[in-house]
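**Student:** Following this message is one structure expressed as structure tokens.
Just so it is clear, none of the values below were taken in a lab; they were calculated from the coordinates. Please read these numbers as outputs of a predicted model, since none were measured by experiment. With ideal geometry, Cβ positions are generated from the backbone for all residues, glycine too; neighbour counts draw on all protein chains shown.
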Amino acid sequence: MIAYNKEDKLKEDKSVPLYDQVKRHITARMERGEWPKGTRLPTEQELVIELGVSRMTVHRALRELSTDGRLKRVQGVGTFVSTPAPRAELLEIRDIAEDITSRGHRHLARMIALEAVKANLDMATTFDLRPGSKIFHSIVVHYEDDTPIQIEDRYVNPSFAPDYLSQDFNTQTTTHYLRAISPATELEHLVFAVAPDEQAQTLLEIDENEPCLLVVRRTWIQAAPATKTLFTCPGTRFSLGSRRTL
């Protein structure tokens, strides 16, 4: 077990969220060489006790460091220090309806779900809420002409869009509606290659051998978590790219 000194306690700084303080604390120990690559970190509960913060705070800090590639979490084994992989910023927020019509094609949306759900631990930490708190959830399938090209699985913070559940997203996109409330001030995209599950196979009209792209997007408004969206797209019908002047 890794030993802690009194200096390891977090210093009180109300201007920085606690989870971010925990991230900086862990990162600093890694950069000082105290926790080199391959080191197994203390458990979440040990960090809770040693740092004097909540379990949710530690969980979020470890999860975000894992997303950034700084840590590797092995189910049933523990959390280990890893070397971050480089990540290119390729994407911006685009309205899929505008993209499709700009190509001269017809956009269609089919609403699959529009509901309030209880936040599990992962979603609660994503939105800085208590587990069990209400969040909004929607699933929309987007079509280009008559071909389904994307499943949009979106979670929304009710404090950001309190009237979300009363909208008709068959006639306007969720992106158009949310962007009209307020443009995002911070954006994160992660891209994965995945095999389609049974729901994706049915909604996208593909078989189990069709490779898919999974794009996970998170947005913030003035540092407040606003949305988390999972976009699933058939690899043969969708691509990602960008062009910028550097």
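**Student:** Here are labelled values, (i) 20.1; (ii) 18.6; (iii) 17.9, and one is the computed Kirkwood radius over Cα pairs in Å for what I pasted. Which one?
**Tutor:** Of the labelled values, this structure produces (i).
**Student:** Show me, for segment 135-141, the HN-Hα J-couplings you get by feeding each phi into the Karplus relation (A = 6.51, B = -1.76, C = 1.60, θ = phi - 60°), rounded to Hz, glycine and proline as x.
**Tutor:** Each residue of segment 135-141 in turn: 10, 9, 9, 9, 10, 10, 9 Hz.
**Student:** Just how far, in whole angstrom, is segment 15-85 from segment 183-219 if you go by their alpha carbon centroids?
**Tutor:** 27 Å
**Student:** Another question, if that's okay. Tell me, in nm to one decimal, what length is gained between Asp68 and Arg40 on full extension, where the rule is 0.36 nm per residue of separation less the Cα-Cα distance?
**Tutor:** 8.4 nm
**Student:** Next up: Along the charge dipole of the chain, which of Tyr177, Trp220, Leu51 sits closest to the positive end, that is, farthest toward it, with unit charges on the beta carbon of Lys, Arg, Asp and Glu (+1, +1, -1, -1)?
**Tutor:** Leu51
**Student:** Moving on. Whose amide H sits under 5 Å from the amide H of Ile221, counting only residues 5 or more places off or on another chain, with H placed in the peptide plane?
**Tutor:** Excluding prolines and chain starts, which carry no amide H, the hits are Thr185, Ala226.
**Student:** Quick one: what are the phi-derived ³J(HN,Hα) couplings along segment 220-234, Karplus 6.51/-1.76/1.60 with θ = phi - 60°, whole Hz, x for glycine and proline?
**Tutor:** 10, 10, 6, 6, 8, x, 10, 9, 9, 9, 10, 9, 10, 9, x
**Student:** As an exercise, use a Förster radius of 35 Å and the Cβ-Cβ distance of Val191 and Ala28 to find the FRET efficiency, rounded to the nearest 0.05.
**Tutor:** 0.75
**Student:** Counting only other residues whose beta carbon sits under 14 Å from that of Pro225, what net charge do I get with K and R as +1, D and E as -1?
**Tutor:** My count for the surroundings of Pro225 gives +1.
**Student:** Could you work out the relative contact order of segment 153-235? I mean the mean sequence separation of Cα pairs under 8 Å and 6+ apart, divided by the number of residues, in percent.
**Tutor:** Normalised by residue count, the contact order of segment 153-235 is 34 percent.
**Student:** Now for a separate question. Which residues' amide hydrogens lie under 5 Å from the amide hydrogen of Ile149, considering only partners 5 or more residues apart or on another chain, with H built in the peptide plane?
**Tutor:** Here the answer is His142, Tyr143, Glu144, since their amide H atoms fall under 5 Å of that of Ile149.
**Student:** While we're here: So how far, in whole Å, is the C-alpha centre of segment 103-140 from the one of segment 223-238?
**Tutor:** So the separation of the two Cα centres works out to 11 Å.
**Student:** Under 10 Å, Cα contacts only: if you run a Gaussian network model on the chain, which one of Val216, Val140, Val53 comes out with the highest mean-square fluctuation?
**Tutor:** Answer for the Gaussian network model of the chain: Val53.
**Student:** Moving on. Stretch Arg110-Lys134 to full length: gain in nm at 0.36 nm per residue minus the Cα-Cα span?
**Tutor:** 6.2 nm
**Student:** With θ set to phi - 60° and the Karplus curve 6.51 cos²θ - 1.76 cosθ + 1.60, what are the ³J(HN,Hα) couplings of segment 185-193 in order, to the nearest whole Hz, using x for Gly and Pro?
**Tutor:** Taking θ as phi minus 60°, the curve returns 9, 8, 9, 9, 10, 10, 10, 10, 9 Hz for segment 185-193.
**Student:** Ok, one more. Given Cα pairs under 8 Å that are at least 6 residues apart, what percent is the relative contact order of segment 96-234?
**Tutor:** 23 percent
**Student:** Once every DSSP H run of n ≥ 4 in the chain is given -39500 (n - 2.57) and the sum is divided by its residues, what mean residue ellipticity at 222 nm do you get, rounded to the nearest 500 deg cm²/dmol?
**Tutor:** My calculation for the chain gives -7000 deg cm²/dmol from helical runs alone.
**Student:** What relative contact order, as a whole-number percentage, does the chain give when Cα pairs under 8 Å and 6 or more residues apart are counted?
**Tutor:** Taking the mean separation of contacting Cα pairs over the length of the chain, I get 14 percent.
**Student:** Springs between alpha-carbon pairs under 10 angstrom, Gaussian network model over the chain: which of Phe192, Phe127, Phe160 fluctuates most?
**Tutor:** Phe192
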